[in-house]
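One structure is given below, encoded as structure tokens.
The numbers here are math on the coordinates, done by the rules we state, and not lab data. Please read these numbers as outputs of a predicted model, since none were measured by experiment. Glycine gets a Cβ as well: all are built from the backbone with ideal geometry, and neighbour counts include every protein chain shown.
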Amino acid sequence: MSGLWRIGPEEGAEFPYKPADTDTFHVIEGEAELETPDGEKIEVVAGGIYSFPAGFTATWRTRSPFMKFFVVG
């Protein structure tokens, strides 16, 4: 599965992030932070390409309007 995912600033995004399968994405716009259960903070920024395996867990906090192209699987 692939597609675009967007979230605007008015939505105040903070939610659990736990991909069911490998989630690879390219950030087109915006910034976010992923905080793992052990306190590690991963900065996710425009232009970056990221990949997280199935079972990875974190809290997702979007800091600005955000858009990514993702491929799951």
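Look at the alpha carbon pairs under 8 Å that are at least 6 residues apart: their mean separation over the length of the chain gives a relative contact order of 50 percent.
Spacing of the modelled spin labels on ALA20 and THR36, each 7 Å from Cα toward Cβ, amounts to 2.4 nm. Expressed as a whole percent, the proportion of Cα-Cα pairs in the chain lying more than 16 Å apart is 46%.
Considering all projection directions equally, how large on average is the shadow of the alpha-carbon convex hull of region 33-73, in square nanometres? Computed as one quarter of the Cα hull surface, the answer is 3.3 nm².
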